[in-house]
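Since the structure comes first, as structure tokens, the remarks are kept for the end.
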Amino acid sequence: MDFYIGGYFIVQGSTPSHLANPSMRLDEAMLPLRIWSLSNCICHIHPIVECLSWVNDNDKPNKLERYQKALKLTSSELKQFMTECDDLFKQNKLGWQEMFFEPEPAMTFAKKYLSWVPDIKILQIATTAEYRDIILESENPSNQAVGLTGVYECLQAGKISNHLDHFRGFEILGFETGVFHSFYCDNFHVEISKSLNIQLNQYGLISDLTDAIKANDYIDDPEHGAESAYWLPWAITEITTR
């Protein structure tokens, strides 16, 4: 079965007890010691969108200050960092939000600016033709008041993943205007184990596509109270690890 690429992400691993969103709590019993999720509630995704000069956000100065401290950048280094983000976006190498269209620019960026940051991985996401069509329909420019998301542009390009020898499993993700919710966010990884007898693998992901579809259908049922989003099973492939 073919899997269509939805983008490449620089993800910093988190422990279930120390997440990107400190107010979030996960049931740790079923999870590995460290997880890499495409949700920026769970993990830090680099670079943050506020590094693009044209992004307007009332809290942007505070976010950039925190990000600068986290990455231990001087003011001049932060300026260079932001200039490079702008350049990559203009060159159609960096997309909205926090994603890259190809693995090489992501690897180069991570090596240049994040070489000292622990637990960095570059992850590719991909999905089946059926789920690809859902995103292409839901994110169709004629249905949107804003610009295209990078995930939409990647899926529209129709490139098929050839990295599945480094496949780690499926993460159930809810797609909403360029960002992801995860099945971790409301501890659905526990619910699907209890209700569907679906177990997570060593990476904290679902190994089998059939199980991933069952889990996705469960989470996508409005009765179960997940975030309102386009929930899909995404194949997670590790491109590089440090």
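Bear in mind these aren't lab numbers, they're just calculated from the coordinates by the rules spelled out. Being a predicted model, the structure only gives us computed values, none of them experimental. Virtual Cβ from ideal backbone geometry, glycine too; neighbours counted across all protein chains shown.
Summing Lys and Arg as +1 and Asp and Glu as -1 over all other residues whose Cβ lies under 10 Å from the Cβ of Glu227 gives a net charge of -2. Highest GNM mean-square fluctuation among Glu102, Glu171, Glu223, for the chain modelled with Cα contacts below 10 Å: Glu223. When all alpha carbon pairs of the chain are counted in 5 Å bins from zero, the resulting P(r) reads 1, 6, 14, 19, 20, 17, 12, 7, 2, 1, 0 %. Taking 28 Å as the limit for the C-alpha separation, the pairs Lys63/Lys214; Lys63/Lys90; Lys60/Lys214 exceed it in the case of Lys63/Lys214; Lys60/Lys214. With only the Cα atoms considered, the stretch 74-189 has a convex hull volume of 157 Å³ per residue. Each peptide among 117-124, 54-61 gets the average number of other Cβ atoms lying within 10 Å of its residues, and from highest to lowest they stand as 117-124, 54-61.
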